[in-house]
Structures are given as C-alpha cells and as structure tokens.
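Structure first, commentary second.
Just so it is clear, none of the values below were taken in a lab; they were calculated from the coordinates. Since the model is a prediction, treat every value here as computed from it, not as a measurement. Cβ: placed from backbone, ideal geometry, glycine included. Neighbour counts: every protein chain shown.
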C-alpha cells in the first residue's frame, strides 16, 4: 500500500492519523497530495488496494470498501431507532 519514507526531502506535509485506542501516527502526503498509508495500518484496516475515503466536518476516515458497506447498512437500520430515542 504505502512505502516507508526514506528521506524527508520528498515530503511536504505530514498528517496526523488517529487509529483509535489513543494511538496517533504521522503519515506523509506525497507531492501529489496522496496519503502514504503504511502497510501496517492498511493491513490492520483490511485495505488491500482500493479504499473508501469518507469526509466528515473536520476529519476523514479511510475504510476497507466491504467493511464500509456493512457499517453503512447497519447504520441505515439502526439510525431511525436511535433518532427516535433522542426525541
């Protein structure tokens, strides 16, 4: 998925990545603005080629496409009930 950054001269920007459980990592953006997701992170998320990028208000998430589809389907079922409980 991503390659380790050998020399920082090829990196213009680093992005902080929250991987949950209080763990944060810095990943590099290449000169084209692409995220260089380390293999370890991609493997932990089950990402093997294609990924889904979900933009939120002030952050984004990178998902395994099949897992994202499952979560979206569960949200579609559970969200109406959750909203009812908030009324």
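Simple spin-label estimate for residue 50 and residue 84 gives 3.5 nm between the two label positions (7 Å along the Cα-to-Cβ direction from each Cα).
What list do you get for 56, 29, 78, 37 if you sort them by fewest beta carbons within 10 Å?
Working: 56 7, 29 14, 78 10, 37 19.
Ascending Cβ contact count within 10 Å gives the list 56, 78, 29, 37.
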